[in-house]
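A short worksheet on the structure shown next.
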Amino acid sequence: MLVLSAPVSAGGLPGAPAPFEKGGVRIAVVNFIGGGDWLQAFEAGTKRQADALNIDLRISEARQDPDAQRRLIEDAINQKVDGLIINNGKPEALKDVAQKALDAGIKVVAYDVNLDNPKIPQVEQSDADMARLVLDQAIKEQGHGIKGGVVYVAGFAPLDRRYAVWKEFGKTHGLEERAVWGVVNDSVPASVADQTKAVLRAHPEITAIFTPWDEFARGVKLAIDELGVADKVKIYGVDISTSDIQAIIEPKSPWVATAATNASVVGEVSVRAVSLLVAGQDPGRSVLVQPRLVTRADLVDNNIKTIEDLAAKVPAFRTSEAATAPWIPSVK
């Protein structure tokens with residue numbers, strides 16, 4: 001399903017290398033997930049950077065369907081786009097079709113999915129750092145020997161990397177894993193909420209839940225609020241959006257910390273990385289967007305209510321120097 005396209009300027013980009021100096025560059029973004037605040041912000045960032053580069057941008061969503069994502073990539077190949085951004089997905093379903101795109105002369109970058117291909121740069125949020133930032137905060141607040149739970153679904157590169165750090169903390173900080181649950185579908189928060197209620201009834205000793213995706217955190221918060229246990233069970237998450245901030249700053253919210261990059265900035269960086277490839281330049285094998293810790297106290301004390309507030313008051317959250325070049329226009 002095609003969900004968004006950016007208009008192309010009639011002219012090219014003055015001072016840019018070929019083919020950008022003439023214009024008409026076409027880039028496709030194929031997302032595995034569909035919906036959610038993070039994706040909306042990511043897509044907005046890709047469009048903003050594409051507009052600055054006079055790129056014809058075509059964005060589509062597979063809505064958690066690996067076969068649909070393959071078909072959307074095939075569509076992009078058939079449309080003879082110049083560049084392709086693959087956002088998340090299952091590697092086993094994507095490696096061959098990503099190679100097919102390369103064979104067709106299309107430049108490819110991947111975000112948060114490891115396609116194990118030296119010709120495909122990986123745009124990353126430093127998932128390990130994100131998990132460590134927020135789990136360090138959990139240890140700081142609750143001490144060693146936490147009895148915890150984690151919402152996790154295997155097979156997704158960012159979740160796998162974040163879960164590996166959770167396991168590492170089990171060894172280094174005595175973090176006791178009492179339960180693992182989770183699902184990726186079209187109604188993640190509602191489904192995770194139902195699962196979480198069952199888990200917390202079975203494991204009332206749990207005092208911390210690690211949610212390596214904000215859609216998971218939303219579901220966990222729904223369950224904790226419904227069960228009335230916000231005073232004893234705390235959420236340590238990953239990712240952030242305006243609606244996440246609203247949930248975190250609620251009075252007595254159990255969601256007390258998250259580690260995140262700005263999804264919009266990640267979208268901008270992804271477009272810049274593939275644009276460098278299209279221009280014959282090298283963005284690097286790994287294009288890293290550094291995360292930072294955001295606590296509930298930070299948000300409340302600084303009267304931060306939106307992502308825009310966060311970017312305004314925390315400049316490091318507003319931009320990234322990853323995948324830049326003198327000819328690539330900055331975005332406002």
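Quick look at the numbers
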item	result
Extreme residue, positive dipole direction of the chain, given options Met130, Val153, Gln40 (C-beta unit charges)	Met130
Relative contact order computed over the range 50-143 (Cα-Cα under 8 Å; 6+ residues apart), in percent	20
Helix-only [θ]222 nm of the chain, DSSP H runs n ≥ 4, -39500 (n - 2.57) each, per residue, nearest 500	-13000 deg cm²/dmol
Percent accessible area from carbon and sulfur atoms, the range 54-189, protein chains only, probe 1.4 Å	46
Per-residue HN-Hα couplings for the range 317-331 [Karplus 6.51, -1.76, 1.60; θ = phi - 60°; Hz; x = Gly/Pro]	8, 8, 9, 9, 8, 5, 6, 10, 7, x, 7, 8, x, 6, 10
Surface accessible to a 1.4 Å probe, Ile146 within the full protein complex, Å²	10
Whole-number accessible area per residue in Å² for the range 207-292, which is evaluated in the context of all protein chains at 1.4 Å	29
DSSP-assigned coil residues among trypsin sites (Lys or Arg not before Pro) in the range 88-174, each with at most 13 further Cβ atoms within 10 Å	Lys119
Alpha-carbon centroids, the range 156-171 and the range 56-77: separation in whole Å	28
Apportionment of accessible area to carbon and sulfur, the range 274-332, percent (1.4 Å)	50
Which listed pairs, of Lys90/Lys171; Lys221/Lys313; Lys119/Lys171, have C-alpha distances above 32 Å, in listed order	Lys119/Lys171
The range 188-276: trypsin sites (Lys or Arg not before Pro) in DSSP coil with no more than 16 other Cβ atoms inside 10 Å	Lys232, Lys252
Residue-normalised accessible area of the range 113-160, expressed per residue, 1.4 Å probe, Å²	37
Backbone N within the range 226-260 under 13 Å of label point (7 Å from His203 Cα along the Cβ vector)	234
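The values are calculated or read from the model by the stated rules, or taken from the named source; none is laboratory data. These figures come from a predicted structure and were not determined experimentally. Glycine also receives a Cβ, built like all others from the backbone with ideal geometry; neighbour counts cover every protein chain displayed. Surface accessibility is based on the protein's heavy atoms, side chains included, excluding ligands, DNA and RNA. Shrake-Rupley method; radii C 1.70, N 1.55, O 1.52, S 1.80 Å.
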